[in-house]
Amino acid sequence: MRTLPDLLADAAGRELLLESGIHGDPATFLAALATPARRADDAADAPCPIHVHQQPSPDYRRSVVAKLAAAESLRRDRPGCVSVTFVLIDTDRAASSKAATRITWRDANGHRRMLKVTPAGTDALEFRHLLVEPPRLARIAAMLEAHVRQSPGDRAAALARLDLVRPLLAPAEPMTLGRYAATLGGFLLDAHLGARPRPLMVSGLADAGALGPALSAIMAALDAFVAAFNARVAALQAADVATAVAALPDDYLPLFYSCPVDGARLRLRRRRIGGDLHAVAESRAGRRYAFPLGDRGTSLDALFAAGRWSPDVTLPILLNDRFSGMVAGRSSALYCMVLGATMRTVLTMKPIPVFAPAIPPADAARPDGLLQAWLTG
C-alpha cells in the first residue's frame with residue numbers, strides 16, 4: 001500500500017491527496033484557508049487558526065516536531081492572519097504512543113535508552129487520569145545526568161541545561177501524565193521553535209461541551225456514516241492507498257469511556273436494551289457500563305453527565321468547524337482522506353484544508369528525542 005511519503009513523491013499521488021483536501025504545498029494550503037465556520041470562544045485573535053493534534057509528550061520525537069515546525073512556519077508566513085493551536089489528546093491511552101511515555105537517549109555508541117516515565121501497569125489509563133510519581137522522575141533525572149556526564153561535547157553546558165529543566169523533569173509533587181507531558185514538552189518546544197503553540201486539551205473541550213455539536217451530527221446519521229466510511233476505506237485500499245484506519249463494525253460508536261474503578265479506557269458499542277439503544281462497555285475485570293442513547297440512539301445526555309468519555313479517531317471532525325486548517329502527520333493525513341469524504345457525503349460538512357509537510361527521515365547520527373537534542377545543543 002502507498003503511504004503518505006509515496007503519495008507526496010508522485011504527481012498522481014499528490015493529485016489524489018489534493019482531491020481529498022490534503023495539500024503538500026504550503027502556498028495552496030494557505031490560499032485555501034477561510035474563517036472557521038463556528039468561531040470558538042477560546043480561539044486566538046488571528047482570523048485563521050490552524051491546529052496540530054497529538055498526544056502530549058515530555059520528549060517529542062522528530063516527526064512531531066516537524067509538524068509543529070511546519071505549522072509555525074505557516075504562522076510566520078502569514079503573521080496576524082494564522083495562529084497555531086496544539087490540540088493535546090490527553091484523553092488517549094498511555095499505550096497509544098510509546099514515545100509519549102518515554103524519554104529517549106542515544107549514547108555515544110548509538111544505543112538507544114528508553115526511560116519510561118509512567119508506572120508499570122498503567123498503559124490502559126488515559127493521560128488525564130494517570131499520575132506520574134516524583135521518585136520515578138527523580139531516578140530518571142539522575143540517569144540522564146549520568147548519560148550527560150558520559151557524552152561527548154560540552155558537558156558543562158549540558159549539565160547546566162539539565163539543572164535548568166530539572167524542576168519540570170522531576171517535579172516534587174505528583175501530577176497527571178497529561179499535565180506533566182504538556183509542561184515539559186511545551187518548554188522544549190518553545191526552546192526549539194522559538195515559539196510555543198497555544199495548547200488546548202481535548203479533555204477540556206469535552207468537559208466544556210465544545211465537541212458535542214459535531215458528535216451529535218455523527219450520532220444522528222451513524223448508520224450512513226459507517227457505510228460511507230467503510231466505502232471510502234475500501235475504495236482507497238483498492239487503489240493501493242494505505243488508510244491508517246480499518247473498516248468500522250456495525251455496532252460502532254465514536255466514543256470511549258474511562259472506567260472509574262481501574263481507569264481502563266473502554267470502547268463503547270451500540271446495544272439495544274429493551275426499546276432503547278445504549279452505549280455499552282465491559283472491562284476486563286467484568287465491570288459493565290451502559291448509557292442510554294434513546295430510541296433513536298442520539299441522546300448523549302447520560303454519557304455527558306457521567307463524564308470520563310472521550311472521542312476516537314473522528315476527533316478531526318469534532319474540531320473541524322473551530323479551525324481554518326490542520327497540519328497532519330503520516331497517519332492523520334491518510335485517515336483524513338477517509339474522514340473528509342465521509343463528512344462531505346453524510347454530514348454535509350465542509351472539511352477544512354489539511355497540510356501534510358514532508359517529514360524528514362530518521363538520522364541515526366542525531367538524537368530523535370527533543371530533550372537530548374536540547375541538552376546537547
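Return a yes/no flag: does region 244-261 have any residue that is closer than 23 Å to residue 289 by Cα, open to solvent by 60 Å² or more (accessible area, probe 1.4 Å) and in contact with a Lys or Arg (Cβ under 7 Å, 6 or more places away or on another chain). Write out each step before concluding.
Within region 244-261, the subset closer than 23 Å to residue 289 by Cα is 248-261.
When the remaining residues are screened for being open to solvent by 60 Å² or more (accessible area, probe 1.4 Å), the result is 250, 260-261.
Still in the list and also in contact with a Lys or Arg (Cβ under 7 Å, 6 or more places away or on another chain): 260-261.
Yes, region 244-261 contains a residue that is closer than 23 Å to residue 289 by Cα, open to solvent by 60 Å² or more (accessible area, probe 1.4 Å) and in contact with a Lys or Arg (Cβ under 7 Å, 6 or more places away or on another chain).
So for region 322-345 (the condition being at positive phi and open to solvent by 10 Å² or more (accessible area, probe 1.4 Å)), does at least one residue qualify?
no
For region 85-97: of the residues being modelled with pLDDT under 95 and open to solvent by less than 30 Å² (accessible area, probe 1.4 Å), which is nearest to residue 179 (Cα to Cα)?
94
How about region 98-110: which of its residues are under 22 Å from residue 127 (Cβ atoms), open to solvent by 20 Å² or more (accessible area, probe 1.4 Å) and either touching a His at 6+ places or on another chain (Cβ under 9 Å) or not in a strand (DSSP E or B) (or both)?
Of everything in region 98-110, those that are under 22 Å from residue 127 (Cβ atoms), open to solvent by 20 Å² or more (accessible area, probe 1.4 Å) and either touching a His at 6+ places or on another chain (Cβ under 9 Å) or not in a strand (DSSP E or B) (or both) turn out to be 98, 99.
May I ask you to list the residues in region 4-39 that are assigned to a loop (DSSP other than H, G, I, E, B), buried (at least 17 other Cβ atoms within 10 Å of the Cβ) and hydrophobic (A, V, I, L, M, F, W, C)? Write out each step before concluding.
Initial filter on region 4-39 (assigned to a loop (DSSP other than H, G, I, E, B)): 9-10, 20-21, 24-25, 33-39.
Of the ones still in play, those that are also buried (at least 17 other Cβ atoms within 10 Å of the Cβ) are 20-21, 24, 33, 36.
Once the filter is applied, which keeps residues that are assigned to a loop (DSSP other than H, G, I, E, B), buried (at least 17 other Cβ atoms within 10 Å of the Cβ) and hydrophobic (A, V, I, L, M, F, W, C), region 4-39 yields only 33.
Just checking, how many residues over region 225-243 are open to solvent by 10 Å² or more (accessible area, probe 1.4 Å) and polar (S, T, N, Q)?
2
Anything in region 54-97 that is touching a Cys at 6+ places or on another chain (Cβ under 9 Å) and assigned to a helix (DSSP H, G or I)? List them, or say none.
Across region 54-97, the qualifying residue is only 75.
Being without any contact (Cβ under 8 Å) to a residue 60 or more places away in the chain and either under 20 Å from the mean Cα position of the chain (by Cα) or more than 30 Å from residue 71 (Cβ to Cβ) (or both): is that true of residue 287 here?
Considered against the rule, which asks whether it is without any contact (Cβ under 8 Å) to a residue 60 or more places away in the chain and either under 20 Å from the mean Cα position of the chain (by Cα) or more than 30 Å from residue 71 (Cβ to Cβ) (or both), residue 287 comes out as yes.
Taking residue 297 as meeting all but one of (1) modelled with pLDDT under 95; (2) closer than 24 Å to residue 92 by Cβ; (3) open to solvent by less than 10 Å² (accessible area, probe 1.4 Å), write down the number of the exception.
In the conditions (1) modelled with pLDDT under 95; (2) closer than 24 Å to residue 92 by Cβ; (3) open to solvent by less than 10 Å² (accessible area, probe 1.4 Å), residue 297 misses (2) alone.
Tell me, which residue of region 346-377 that is surrounded by fewer than 21 Cβ atoms within 10 Å (Cβ to Cβ) and among the small types (Gly, Ala, Ser) is nearest to residue 49 (Cα to Cα)?
Filtering first and then ranking leaves 358.
Among the residues of region 203-219, is there at least one that is in contact with a Gly (Cβ under 9 Å, 6 or more places away or on another chain) and free of Cβ contacts under 8 Å to residues at least 24 places away in the same chain?
Let us first name the residues in region 203-219 that are in contact with a Gly (Cβ under 9 Å, 6 or more places away or on another chain), namely 203, 206-207, 210, 219.
In the following step, the residues that additionally are free of Cβ contacts under 8 Å to residues at least 24 places away in the same chain were identified as none.
No, that holds for no residue.
The values are calculated or read from the model by the stated rules, or taken from the named source; none is laboratory data. None of the values given here were measured: they were computed from a predicted structure. Here the Cβ is made from the backbone with ideal geometry for all residues, glycine too, and neighbour counts use every protein chain on show. Just the protein is used for accessible areas: all its heavy atoms, side chains included, with ligands, DNA and RNA removed. Shrake-Rupley method; radii C 1.70, N 1.55, O 1.52, S 1.80 Å.
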